[in-house]
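Notes follow once the structure below has been shown.
Bear in mind that the values in this text are calculations on the coordinates, not laboratory data. These numbers were taken from a predicted model, which means no experiment stands behind them. As a convention, Cβ positions derive from the backbone with ideal geometry for all residues, glycine included, and neighbour counts pool all protein chains shown.
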Amino acid sequence: MTSAQEENGIYGAENGTYGAASGEQDHQPLRPTDLSELLKEGTKESHTQAENTKFVKDFLKGQIKRELFKLATGALYYTYSALEEELDRNKDNPAIAPLYFPQELHRAEALEKDVAYFYGEDWKETIQCSEATQAYVDRIRHLGRHKPELLVPHAYTRYMGDLSGGQVLKKVAQRALHLPSTGEGIQFYMFDNVTNAQQFKQLYRARLNTLELNAEEKKGMVEEANKAFRFNMQVFEELDKIGSTIPDEAQDGGLPVHDGKGDLRKCPYYAAKDAATSGCPLHSAMALTGRPEVKAVLAAIAAAIAATIAWYLM
């Protein structure tokens with residue numbers, strides 16, 4: 001968020017985009033007691049913990065095994081199917097109605113396409129809900145039946161992240177797993193009905209701030225958002241354990257078919273007599289990245305990227 005005006009002055013009533021109400025363009029300054037601010041500040045530690053899980057760190061590096069990515073996609077399918085069924089069932093609840101954007105946000109249909117791409121048309125008989133994912137689903141189902149207002153922190157945590165750092169993960173997955181440029185396998189990350197992600201997130205946060213909640217209820221929202229992070233981290237930890245049993249896969253992320261090491265003659269850029277003079281671009285790059293000053297710059301860049309992701313960064 002860049003300013004208080006940007007946070008609230010979003011998709012105003014002038015054109016009615018996303019059904020924004022007239023009051024959402026009044027440019028009211030944010031207050032520390034606003035729910036969007038409480039959620040942001042109250043989940044910072046959870047953000048940090050989530051972004052430092054091995055699964056997320058490896059994913060950001062492009063070190064994601066295809067089989068593990070398939071399992072993660074299946075876990076997302078079960079999670080979003082439960083979340084969106086409960087949101088649909090409780091769409092008239094005063095806490096959910098202002099944040100109910102099925103056309104813009106719902107992911108279950110997109111995830112069905114992704115799992116069908118990876119597992120085939122009989123995917124429903126192939127995939128299974130894991131233990132950690134089932135615990136997450138059970139929590140969502142319980143809230144939908146007994147405390148539907150607490151579905152809001154789960155929706156906020158997932159959707160805002162998907163619209164932020166999730167867009168980085170889409171590119172990483174597409175490149176590392178050599179997925180088609182037409183989007184097969186990563187439909188989950190593609191929000192065709194959101195024309196401007198930043199403005200939509202601002203609208204969503206402004207709607208959060210319109211919910212009529214007392215201090216205790218807002219505290220409960222923040223606590224539930226942190227629980228949502230914990231459920232996600234438990235899924236990541238489970239995936240890490242499974243990933244350790246999956247054989248390493250050859251991944252080049254679009255780079256030449258070697259790693260810049262070993263026998264130079266096996267390099268596809270090796271050119272008989274003038275190999276020594278013309279050189280391979282990857283070998284040259286590998287040599288360059290070995291220099292201390294370059295390592296320092298790369299480390300700084302990596303740290304900056306990680307900081308901006310912050311759990312799919314909201």
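Arg89 to Gln134: FRET efficiency via 1/(1 + (r/R0)^6), r the Cβ-Cβ distance, R0 25 Å, to the nearest 0.05? After rounding, the FRET efficiency stands at 0.80.
Each residue of the range 215-229 is assigned a 3J(HN,Hα), and the resulting list reads 4, 5, 5, 5, 4, x, 4, 5, 4, 5, 5, 5, 5, 4, 4 Hz, derived from the Karplus form 6.51 cos²θ - 1.76 cosθ + 1.60 (θ = phi - 60°), x at Gly and Pro. Given the pairs Lys40/Lys218; Lys61/Lys170; Lys65/Lys241; Lys61/Lys113; Lys40/Lys227, which span a C-alpha to C-alpha distance of over 18 angstrom in this model? In this structure, Lys61/Lys113 exceed 18 Å between Cα atoms.
The order of the peptides 235-246, 210-221 by mean Cβ neighbours within 10 Å, most packed first, is 235-246, 210-221.
Residues in the range 114-122 carry Karplus couplings, in order, of 5, 5, 5, 5, 7, 10, x, 5, 8 Hz; the curve used is 6.51 cos²θ - 1.76 cosθ + 1.60 with θ = phi - 60°, and Gly or Pro positions show x. Summary of packing: across the peptides 153-166, 184-197, 114-127, the per-residue average of other C-beta atoms within 10 Å ranks them, highest first, as 153-166, 184-197, 114-127. Phi-derived couplings, Karplus 6.51 cos²θ - 1.76 cosθ + 1.60 at θ = phi - 60°, listed residue by residue for the range 166-183: x, 6, 6, 4, 4, 5, 4, 5, 4, 7, 5, 9, 6, 7, x, 5, 7, x Hz, with x used for Gly and Pro. Taken along the Cα-to-beta-carbon direction at a fixed 7 Å, the label points for His178 and Glu216 span 5.9 nm. The slack in the chain from Lys57 to Thr33, taken as 0.36 nm per residue of separation less the alpha-carbon distance, amounts to 5.4 nm.
Residues whose amide H falls under 5 Å from that of Ala95, counting only those 5 or more places apart or on a different chain, are absent, with hydrogens built in the peptide plane. Go ahead and run the numbers for FRET between Ala97 and Lys171, Cβ-Cβ distance against an R0 of 35 Å, rounding to 0.05. Computed FRET efficiency for Ala97 and Lys171: 0.55. Using a simple spin-label model with pseudo-atoms 7 Å out from Cα toward Cβ, Thr195 and Arg141 lie 4.0 nm apart. Restricting the calculation to Cα atoms, the range 48-100 yields a radius of gyration followed by a Dmax of 15.7, 43 Å.
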